[in-house]
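Input: a single structure, listed below in structure tokens.
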Amino acid sequence: MNKLKYILLLLVFLGCADDDVPTRQESSNNNLEETLSDVELMDLVQRETFKYFWNYAESNSGAARERYHPNDPTDSQYVVTTGGSGFGLMAIIVGMERGYVSRNEGIERLTQILNFFENAERFHGAWSHWIHGISGAVIPFSALDDGGDIVETAFFAQGLICVKEYLEGGTAAEDALATQADQLWKSIEWNWYTQNQNELYWHWSPTNEFGINLKLQGYNETLIAFILGVASPNHSIPVATYHQGWANNGTIASSSIQYGIPLILDHAGSGTGPLFWAHYSYIGLNPTNLSDQYANYWDLNVNHTNINYQYCVNNPNNYDDYGSNCWGLTSSYTRNTDGSVGYSAHDPENDSGVISPTAAISSIPYTPEKSLAAMRFFYDNELMGPAGFYDAFSPHYNWVTERYLAIDQGPQIIMIENYRSGLLWNLFMQNEDVQNSLNALNFTY
């Protein structure tokens, strides 16, 4: 189900904005004679990736565009992505903390983004997957998906909560922005998306209602939607929705083992699943020591990453360069068999020889040494462009797609920061409503 949804991402292409992060004195291109320390390498990757959300944001809203193609920067330049914009909010917090932009510049951009989303079209409080950056109207993601997307909305709400916690108690302007972020996420009608059942449904629109009828069930990227649905003080979902819906009455648990590593949860019946499942729900939700009756979520994500890594090391298809320094399979751009660019949910069950840098880099909290080795490989092989590492490449086919996706760039800067300082994890986990939800669901954290 998730693979079909994300394959639809191929439909839209984006351009760039005018304002720039201050230019590095040294080139962002590779200098192979220079050996960067791990800290310097992480600094470089975070700063360059930040440019996706700053330099190349949608110009009217300041929010993240679905994608950016440096070779065609004006193509579909007004398509804003809701989930990617949530990642963008958190990336801007990192940018302010790291000094990529001043605090005043960061506040100005956050204000622009929140004002846009406050006035954009909403569907029982939820935003659509894609939004027109000038009109704020829905851009249909597919024929039936022309309304609210509760999962994309959850990714955005994760960012809103971090903004609230980061700015609350600051200047008057910062406090007002914190209040605005808090009110925006609290106005999401999570309970509407249950159809009065102990289930969450991905989509609703005024024209097609629950026509897609896609349940959020089984382990994938959707855990955060249940955590926030229970957390909502105004439009909460029953605790039973988590257990009967997401956990599928307990059948989410799995005894499967790959490479001697327990999978722990059934990955939506897909086998292993793409590695972004270990990232999207956990850019704010801290999996460290997080457990409930179904899983220890740190072990779950470490194991998922190590299975992905071990598959690439074993390299059963004998693809060039796969190994301990070149690994990472997840949803991203891909190389089609005819050499054209497509989109695919890469994983050990769907491996076409394409590596996605976000897979290994965003897993850095789980596998720091392995992720840093991959990061260095990507750097040494000149895969860094104007907004961080390009989205996907294949050494086997000598192929690189010089394109970017918001949902792939965002987790890189955020998860590197969580590994280095725990910044976004600390902000999200200190939120009282989040804590109330985790307590209600009997999580240990």
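The values are calculated or read from the model by the stated rules, or taken from the named source; none is laboratory data. All values reported here derive from a predicted model rather than from experimental measurement. In this analysis, Cβ positions are derived from the backbone assuming ideal geometry, glycine residues included, and neighbour counts consider all displayed protein chains. Please note that ligands, DNA and RNA were not included when accessible areas were found on the heavy atoms of the full protein model with its side chains. Shrake-Rupley method; radii C 1.70, N 1.55, O 1.52, S 1.80 Å.
Scanning segment 174-218 for residues that are free of Cβ contacts under 8 Å to residues at least 24 places away in the same chain and open to solvent by less than 50 Å² (accessible area, probe 1.4 Å) yields A178, D182, F210. When segment 31-56 is limited to residues that are of a type outside the set (V, I, T) and touching a strand residue (DSSP E or B) at 6+ places or on another chain (Cβ under 7 Å), the one that is farthest from I413 (Cα to Cα) turns out to be Y56. The residues of segment 253-273 that are of a type in the set (G, A, S) and part of a loop (DSSP other than H, G, I, E, B), listed by number, are S254, S255, S256, G260, A268, G269, S270, G271, G273.
None of G88, G106 is free of Cβ contacts under 8 Å to residues at least 40 places away in the same chain and open to solvent by less than 20 Å² (accessible area, probe 1.4 Å) except G106.
Listed conditions (1) within 20 Å of the chain's Cα centre (by Cα); (2) surrounded by fewer than 17 Cβ atoms within 10 Å (Cβ to Cβ); (3) among the aliphatic types (A, V, I, L, M) are all met by V151, apart from (2).
Yes or no, residue by residue, for (1) β-branched (V, I, T); (2) assigned to a loop (DSSP other than H, G, I, E, B); (3) under 19 Å from S281 (Cα atoms):
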| site | (1), (2), (3) |
| --- | --- |
| E108 | no, no, no |
| G136 | no, yes, no |
| L177 | no, no, no |
| W185 | no, no, yes |
| N198 | no, yes, no |
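Could you please give the count of residues in segment 242-284 that are open to solvent by 10 Å² or more (accessible area, probe 1.4 Å) and in contact with a Lys or Arg (Cβ under 8 Å, 6 or more places away or on another chain)? Final tally of qualifying residues: 1.
Restricting segment 123-135 to residues that are touching a Ser or Thr at 6+ places or on another chain (Cβ under 8 Å) and not aliphatic (A, V, I, L, M) leaves a set whose member that is farthest from S187 (Cα to Cα) is G133.
Name the pairs whose Cβ atoms lie under 7 Å apart, with the first residue in segment 48-61 and over 14 Å from F389 (Cα atoms) and open to solvent by less than 10 Å² (accessible area, probe 1.4 Å), the second in a loop (DSSP other than H, G, I, E, B) and among the aromatic types (F, W, Y), and 6 or more positions between them or separate chains? Note: pairs meeting the criteria are E58/Y78. No other residue among N213, N220 is in a loop (DSSP other than H, G, I, E, B), under 25 Å from A143 (Cα atoms) and under 19 Å from the mean Cα position of the chain (by Cα) apart from N220. Only one of the numbered conditions (1) within 14 Å of Q244 (Cα to Cα); (2) crowded, with 17+ Cβ neighbours inside 10 Å is not met by T222, and that is (1).
Going through (1) surrounded by fewer than 17 Cβ atoms within 10 Å (Cβ to Cβ); (2) more than 21 Å from S135 (Cα to Cα); (3) not small (G, A, S) one by one, P73 falls short only on (2).
Yes/no per residue for (1) among the charged types (D, E, K, R); (2) touching a Cys at 6+ places or on another chain (Cβ under 6 Å); (3) closer than 23 Å to G86 by Cα:
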position	(1), (2), (3)
E221	yes, no, yes
P233	no, no, yes
L290	no, no, yes
A295	no, no, no
W298	no, no, yes
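When G15 is tested against (1) surrounded by fewer than 19 Cβ atoms within 10 Å (Cβ to Cβ); (2) modelled with pLDDT under 95, exactly one condition is not met: (1). Among the residues of segment 26-36, some residue qualifies, meaning at least one is modelled with pLDDT of 95 or more, crowded, with 16+ Cβ neighbours inside 10 Å and part of a loop (DSSP other than H, G, I, E, B). In this structure, is L290 in contact with a strand residue (DSSP E or B) (Cβ under 8 Å, 6 or more places away or on another chain) and closer than 18 Å to G218 by Cβ? Here the answer is no, as L290 does not meet what is asked. On the stretch given as segment 236-252, residues that are under 24 Å from the mean Cα position of the chain (by Cα) and not in a helix (DSSP H, G or I) total 4.
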